[in-house]
Amino acid sequence: MKNIVTICLAVFTFIVAQDTTASVSQEPQLPGWGIYVGGAFGGAAFTEDAPDGHKLKSRSIGPNIGISKGLFLGGLPLIVGAGYHPRGANYEFEVSIPPTGMTQEVKVEYTYEMLDVWATVPYPVSDRAIVQAGFLLGTCIGGKADDGDSEVDLKDSEGELDYGIMLGGGFAITEQIGVNFGYYIGLSEFPTGNTPYDLKFNGLVFNVGYTF
């Protein structure tokens, strides 16, 4: 909880301070306050070699919900935001069934609830489209592992940090409505919560936004 409060206060203070600075300068206009909703086709990779037959597979996950704001840091244009962006993957492995020795495939669906702050640098490629790159920092507020028969709370992962880089783009449908897409590359080694393996998250992200 301490991580969550610190991150939220930091991003709010940063946005308010930069918004005040931009109002008295004559910088080119960036998007104002906005909201977005979407989802992801997320996955993960083990940070070390897992035994044969143990693998991670990507899956759809959501929703992504958050707020955003365009501002300038000095002369650098930024789009910053904060939101709820769950992450996860399917963990598949085989277990032996005694006394026959036959194997059975087990699939566990991991979901981690994350609160994130992020910032990207946009670069216009037309009057409606941009490409952008930036970073994301988040903290876990909960999670679960579901094997289809039962669920396990991943309490040991609460408070763990995840961070990485984002590469993507956006397209304005109207002056107020736009779509954004990107690929997230996780850099931190995130503990699963109930296995000996750490993860690095990755995935495709899709959002629809509305700017006020």
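Of the numbered conditions (1) in contact with a strand residue (DSSP E or B) (Cβ under 6 Å, 6 or more places away or on another chain); (2) more than 15 Å from Asn207 (Cβ to Cβ); (3) surrounded by 15 or more Cβ atoms within 10 Å (Cβ to Cβ), Asn64 fails exactly one; give the number of that condition.
For Asn64, the exception is condition (2).
Could you list, in sequence order, the residues of segment 116-143 that are of a type in the set (S, T, N, Q) and modelled with pLDDT of 95 or more?
Of everything in segment 116-143, those that are of a type in the set (S, T, N, Q) and modelled with pLDDT of 95 or more turn out to be Thr120, Gln132, Thr139.
If only one of Gly169, Gly193, Gly148 is part of a strand (DSSP E or B) and touching a residue at least 12 places away in the same chain (Cβ under 8 Å), which one is it?
The match here is Gly169.
Picking from Asn202, Asn207, which residue would you name as being more than 17 Å from Gly81 (Cα to Cα), touching a Phe, Trp or Tyr at 6+ places or on another chain (Cβ under 8 Å), modelled with pLDDT of 95 or more and buried (at least 17 other Cβ atoms within 10 Å of the Cβ)? Show your work before the answer.
Working: Asn207 fails: more than 17 Å from Gly81 (Cα to Cα).
One residue alone meets the criteria, Asn202.
Please indicate, with yes or no, whether at least one residue in segment 53-63 is touching a helix residue (DSSP H, G or I) at 6+ places or on another chain (Cβ under 8 Å), in a strand (DSSP E or B) and of a type outside the set (A, V, I, L, M).
Scanning segment 53-63, I find no residue that is touching a helix residue (DSSP H, G or I) at 6+ places or on another chain (Cβ under 8 Å), in a strand (DSSP E or B) and of a type outside the set (A, V, I, L, M), so the answer is no.
What is the residue count in segment 90-116 for residues that are part of a strand (DSSP E or B) and farther than 24 Å from Phe46 by Cα? Break it down into steps so the answer makes sense when it comes.
Start the filter on segment 90-116 by keeping residues that are part of a strand (DSSP E or B), which leaves 90-97, 102-116.
Now drop any that are not farther than 24 Å from Phe46 by Cα, which leaves 97, 102.
Number of matching residues: 2.
Working carefully through the options Gly138, Gly159, find the one that is of a type outside the set (Phe, Trp, Tyr) and part of a strand (DSSP E or B).
Values: Gly159 fails: part of a strand (DSSP E or B).
That would be Gly138, the only listed residue that is of a type outside the set (Phe, Trp, Tyr) and part of a strand (DSSP E or B).
What pairs can you find where one residue is in segment 82-106 and surrounded by 10 or more Cβ atoms within 10 Å (Cβ to Cβ), the other is outside any strand (DSSP E or B), and their Cβ atoms are less than 7 Å apart, with a gap of 6+ or different chains?
Ala82/Cys8; Ala82/Val11; Ala89/Ser58; Phe93/Gly53; Phe93/His54; Glu94/Gly53; Val106/Asp147
The values are calculated or read from the model by the stated rules, or taken from the named source; none is laboratory data. This one's a predicted model, so the numbers in the text were calculated from it and none came from an experiment. Cβ coordinates were reconstructed from backbone atoms using ideal geometry, including for glycine residues, and neighbour counts include every protein chain displayed.
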